[in-house]
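The values are calculated or read from the model by the stated rules, or taken from the named source; none is laboratory data. Computed from a predicted structure; not experimentally measured. Cβ: placed from backbone, ideal geometry, glycine included. Neighbour counts: every protein chain shown. All accessible areas refer to the heavy atoms of the entire protein, side chains included, with ligands and DNA or RNA removed. Shrake-Rupley method; radii C 1.70, N 1.55, O 1.52, S 1.80 Å.
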Amino acid sequence: MKIARVRHEGRVLAARVDGDRVYPVVPEEDRFMADAVRDLIADGTARETLGAEVPGVPLADVELLSPLAAPQKIVCIGLNYADHIRETGLETPKVPLAFVKTAHCLTGPTAPVRVPRGTTEQLDWEAELAVVIGRTARDVTAEEAASHVFGYTVANDVSARDAQFSDVQWFRGKNFDDFCPLGPFLVTADEIADPQDLAISARVNGVTVQDSSTKEMIFGVAETISYLSRYMTLYPGDVIATGTPHGVGMGREPKLWLRDGDLVEVEVAGVGLLSNRVELTG
Ligand code: ZN
């Protein structure tokens, strides 16, 4: 099943997507940190509830939003593709290198990435496969991990490299507003035969800049969930962004930074496509 959060006729709803039709089922409450999809995952009824027979509307008639609005956490794994590590010149981590983005960064699959003018001169993209937790995971083995996965989606781990590396840690450079385009849908795990065999790519203004496979991950999805769950409980709706392959702007020669009006497309085959335009504001 493909699950979306959509804005339709002024309301936000959790919906099922089937081809070019959307079936909006559950209205989201209009309150701080409301997230209809997270709540359906947490109460274990997402598939059943969203499978309801309701009138469909054309996909073109709704605005696709980030499929999750307020996950309890978004854990990102840095330096998780060997080819990306080489381009950064950094050392290969011995264990998954985890950092965090918070929910305020989330934005939709076609929304602009709005960046206040003057806040960064080194705006970069990172194509990533994102995993969404389905069942609470605490100290699970890699073998058990798959049964805790709800599904997959696509993330762009937008990064301001100057802010990222001028601070001791990465929080500011990874957490501007709009720095986590997510979507376009959550694809349930049963539709993804092997998360470690998916083509992953990025394009800037139509030119391919990243072109790799999730086969190249150092720590795979199952191992990453197991590792994190030794230290922290992973809750339903939590997102794990699993790192990016080579070809980010800072790894290129000459370096390529995003500018006002640039269109960034991030795609994971079989999972979806993000298409976000950079918009400098102020
Ligand atoms: Zn990343």
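Listed here are the residues, each with its yes/no results for (1) closer than 16 Å to Asp177 by Cα; (2) open to solvent by less than 10 Å² (accessible area, probe 1.4 Å).
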| site | (1), (2) |
| --- | --- |
| Tyr81 | no, yes |
| Thr92 | no, no |
| Thr107 | yes, no |
| Glu143 | no, no |
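For Leu228, state whether it is touching a Phe, Trp or Tyr at 6+ places or on another chain (Cβ under 9 Å), closer than 24 Å to Val95 by Cα and crowded, with 16+ Cβ neighbours inside 10 Å. Considered against the rule, which asks whether it is touching a Phe, Trp or Tyr at 6+ places or on another chain (Cβ under 9 Å), closer than 24 Å to Val95 by Cα and crowded, with 16+ Cβ neighbours inside 10 Å, Leu228 comes out as no. For segment 1-101, the helices (runs of 4 or more DSSP H) that sit wholly inside it and include 2 or more residues that are small (Gly, Ala, Ser) are 36-42.
The residues of segment 45-64 that are under 17 Å from Asp238 (Cα atoms) and touching a residue at least 60 places away in the same chain (Cβ under 8 Å) amount to a single one, Ala46. With the condition kept exactly as written, say whether any residue in segment 140-149 is among the charged types (D, E, K, R), more than 16 Å from the ligand (Cβ to nearest atom) and in contact with a Lys or Arg (Cβ under 7 Å, 6 or more places away or on another chain). No, segment 140-149 has no match at all. Among residues of segment 170-183 that are closer than 11 Å to Cys105 by Cβ, those with a Cβ under 6 angstrom from a residue that is open to solvent by less than 60 Å² (accessible area, probe 1.4 Å) and part of a helix (DSSP H, G or I), sequence gap 6+ or separate chain, pair up as Asn175/Cys105; Phe179/Cys105; Cys180/Cys105. In the set (1) without any contact (Cβ under 8 Å) to a residue 12 or more places away in the chain; (2) touching a Pro at 6+ places or on another chain (Cβ under 9 Å), the condition left unmet by Leu90 is number (2). Count of segment 66-79 residues, restricted to those that are touching a Pro at 6+ places or on another chain (Cβ under 8 Å) and either of a type in the set (A, V, I, L, M, F, W, C) or free of Cβ contacts under 8 Å to residues at least 60 places away in the same chain (or both), is 2. Of all residues in segment 264-272, one or more are of a type in the set (A, V, I, L, M, F, W, C), out of contact with any helix residue (DSSP H, G or I) (no Cβ under 7 Å at 6 or more places or on another chain), farther than 22 Å from Ala82 by Cα and in contact (Cβ under 8 Å) with a residue 60 or more places away in the chain.
Considered as a group, the residues in segment 13-34 that are in contact with a Pro (Cβ under 7 Å, 6 or more places away or on another chain) and surrounded by 22 or more Cβ atoms within 10 Å (Cβ to Cβ) include one that is nearest to Ala69 (Cα to Cα), and that residue is Leu13. Which condition number does Val154 fail, the rest of (1) within 17 Å of the chain's Cα centre (by Cα); (2) open to solvent by 30 Å² or more (accessible area, probe 1.4 Å) being met? Answer for Val154: the failing condition is (2). Among the residues of segment 102-130, those identified as assigned to a loop (DSSP other than H, G, I, E, B) and either more than 12 Å from the ligand (Cβ to nearest atom) or over 17 Å from Gly247 (Cα atoms) (or both) are Thr102, Gly108, Pro109, Thr110, Ala111, Pro112, Arg117, Gly118, Thr119, Thr120, Glu121, Gln122.
Does segment 256-271 contain any residue that is surrounded by 16 or more Cβ atoms within 10 Å (Cβ to Cβ) and small (Gly, Ala, Ser)? No, the conditions are met nowhere in segment 256-271. Residue-level check: of (1) modelled with pLDDT under 95; (2) closer than 20 Å to Val264 by Cα; (3) hydrophobic (A, V, I, L, M, F, W, C), Leu65 misses just (1).
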